[in-house]
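Novice: After the structure tokens below, expect a handful of questions from me.
The values are calculated or read from the model by the stated rules, or taken from the named source; none is laboratory data. What you see is a predicted model; the values in this text were computed from it and never measured. Reconstructed Cβ throughout: ideal geometry from the backbone, glycine too, with neighbour counts over all protein chains shown. Ligands, DNA and RNA are stripped out before the accessible areas are found, and what is left, the full protein with its side chains, is counted by its heavy atoms. Shrake-Rupley method; radii C 1.70, N 1.55, O 1.52, S 1.80 Å.
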Amino acid sequence: MTQNRPEKTMTSRLSTLFLWCAALLLASAAQAQVVRPSNSAYILLRGGATAYYGDLDNNPDGDPNETSWKIGDGFDEVGFAVGGELGYLFSDNLSLGLAYMYQTNPNLERDLPEVNTYNEGEHVQQGQLLFRYLPFATARVSPYVELGAAMVFGQGTENERGEGTGIGDDVWGYGPVVGLGLDVALTPRLGLFLGAQSTFVFPDVALDGADPGAFGVTGDDSDFDILANVGGGLKFAFRAPFTAVEIEGLECPSELNVGQTGSFMVMTNADADMPVSTTWQWGDGSTGSGMSASHAFGAPGTYTVTAMATNRGGDDSESCLVTVTERPVMPTLAGCRATPSRVDVGEQVTINATATDAETVSIDFGDGTTASTLPARHAYSDTGSYTVTITATNQYGTETCTIPVTVGDTYCDDITELNPVFFGYGASTLTADAMSRLDENIEILRRCPEICVTINGYSDGSEPGDAMRISQRRADAAMEYYVAQGIDADRLRAVGRGVDPDANSKEDPGPGDSRARRADSIPSSCAGF
């Protein structure tokens, strides 16, 4: 068409149509984390009511001057449309499809006598190439927009001058396609959609064969016609959607020391599609991988550790903070020593050591007394073997060392012999004199705990019975008395020696030799006893 309309043109109709379609977007639902398919072929079936906007819409009398612009005029006589689409889902929100649409438009079966134009049919076919985009693919209900191109075969013809006359060659139409609607995810693979779509058909005669402006008749001054449809359908994806990986938990130590290895673990949803790969950003410029990983930091500070889990359905990340402090320095003790290590009662011993990184030092001398500085000096009031313990402490722990100290008595060093005891002829029972002698020995043994005793029993050889047995009984009798008076049996050994080799009965007026009927207590060091 070439004539100008004084008012309300096809552009006005188009604007009103788009406003009506845009109202569908207001029903967008809240996010529900619905995963739609991706990387999958799909099939789509659709149907709905059709509208036509052009030279013949709402013009039952064929008067080109009676044009209209209201949105409902295109649906003055409603037709229907059915079609299908095959396509591919590049992602969960972007697809490309090849569609076919068959539709009827009763408004096309009109005539314009003034221009000798007459349509005998209402059937239109179009093939479409469509891009479709869902901005909220993870919502149960998401709006969508579609944009593409179409080839249209309608009722239009033109004569050899290119004028719409209804007589001549068939004309193919072409033009852009736009649409708006809602996509409802019924299942992960099946979706319902509702929407409106418009195809702008060029040239003007391709759809309806009418271009009254070419003959000087007032009419639609646009150089295109519009096919519209409102309806819905179902879309089925051949591949199920991937289940995206989600991080459900992250285990990481809150504190580490410099150089200390920490263990990190990420927990993901059990139904995530495999394989799932996990990478770690340690926050110090290095990376790691694996569901479980370990890492040691080389400098103190606070680090943001980030785990990212990825599968075919997408990726998810989670972070935690790790505070790294200097490695604790434990206290140390070296050169622990006692000078001298063997002292007499009342003699001072010096305790010393080298303490490093210690905040406090304590010395336990083993006799109930303590000190808090090194070197420490101490004198023991009793003989014995003592264990001196040095303890160094700081905020990170303790370190100890022990030193043995022996406290003796110079008196004990001079003990070379102890009292012997004598027995009656043929007897092994201690007399009062024998017990008195042993009591003196016991006092020495109590004072000198490092002295052990070998008790040798003898016979004079003239006594009745076996000399070895009686000599053993005499040694045992002395040992039993020592033990009864509190001397440790481990410090004693009783040995029967038999006949005293020096026994001489001629030198004793009584029977035998009384000097040989005895038990000798022989002192010796307990070392190696």
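Novice: Write down Rg/Rh for region 365-517, rounded to two decimals, with Rg from the C-alpha atoms and Rh from the Kirkwood relation over Cα pairs.
Specialist: Reported Rg/Rh, Kirkwood definition of Rh: 1.23.
Novice: While we're looking at this one, here's another question. Hey, if we sort Arg342, Arg474 by accessible area with the 1.4 Å probe, largest down, what's the order? All intermediate terms of the calculation are to be shown ahead of the outcome.
Specialist: Numbers: Arg342 125, Arg474 0 Å².
Heavy-atom accessible area, descending, gives Arg342, Arg474.
Novice: Per the Kirkwood formula on distinct C-alpha pairs, the Rh of region 363-407 is how many angstrom?
Specialist: Answer for region 363-407: a Kirkwood hydrodynamic radius of 11.4 Å.
Novice: Let me ask something else. What residues have an amide H closer than 5 Å to that of Gly262, excluding those fewer than 5 places away on the same chain, when H is modeled at 1.01 Å from N in the peptide plane?
Specialist: Those lying under 5 Å, H to H, from Gly262 are His295, Ala296.
Novice: Can you give the Rg to Rh ratio of region 357-442, both from alpha-carbon atoms, with Rh computed by the Kirkwood formula?
Specialist: Taking Rg over the Kirkwood Rh, I get 1.35.
Novice: Could you work out the pair-distance distribution P(r) of region 428-529 from its alpha-carbon pairs, with 10 angstrom bin width and percents rounded to whole numbers?
Specialist: In order of increasing distance, the bins hold 16, 45, 29, 10, 0 percent.
Novice: Given that compact globular proteins tend to follow 2.2 N^0.38 Å, what is the ratio of the alpha-carbon Rg of region 298-391 to that value?
Specialist: Here the Cα radius of gyration is 2.12 times the empirical estimate.
Novice: Also, I was wondering about something else. Please state the charge dipole magnitude for region 223-369, taken about the Cα centre, from unit charges on C-beta atoms (+1 on K and R, -1 on D and E), reported in debye and rounded to the nearest 20.
Specialist: Charge dipole of region 223-369: 400 debye, to the nearest 20.
Novice: So how much accessible area does Cys412 have, in Å² to the nearest 10, using a 1.4 Å probe?
Specialist: Only protein atoms counted, so the area is about 20 Å².
Novice: What ³J(HN,Hα) values, in whole Hz, does the Karplus curve 6.51 cos²θ - 1.76 cosθ + 1.60 give for region 43-50 when θ = phi - 60°, with x put for Gly and Pro?
Specialist: 10, 9, 10, 9, x, x, 8, 10
Novice: Still on this structure, I have one more. So if each residue of separation counts as 0.36 nm, and I subtract the Cα-Cα distance between Phe131 and Val329, what length gain in nm does that give?
Specialist: 64.6 nm
Novice: For region 282-331, report the translational diffusion coefficient in µm²/s to the nearest whole number, using Stokes-Einstein at 4 °C, 1.567 mPa s, and a Kirkwood Rh over Cα pairs.
Specialist: In µm²/s, the coefficient rounds to 101.
Novice: What is the set of long-range amide H partners of Leu492 at a cut-off below 5 Å, with H atoms built 1.01 Å from backbone N?
Specialist: Val453
Novice: How large is ³J(HN,Hα) for each residue in region 183-196, as worked out from phi by the Karplus curve 6.51 cos²θ - 1.76 cosθ + 1.60 (θ = phi - 60°), to whole Hz, x for Gly and Pro?
Specialist: Here the 3J(HN,Hα) series is 10, 10, 7, 7, 9, x, 10, 10, x, 10, 10, 10, x, 10 Hz.
Novice: Something else now. Using only C-alpha positions, report the orientation-averaged shadow area of the convex hull of region 229-332, nm², one decimal.
Specialist: Over all viewing directions, region 229-332 projects a mean Cα-hull area of 10.1 nm².
Novice: In terms of modelled amide H atoms, which long-range or inter-chain residues lie less than 5 Å from the amide H of Tyr174?
Specialist: Amide H to amide H, under 5 Å and 5 or more residues apart or across chains, Tyr174 pairs with Val152, Phe202.
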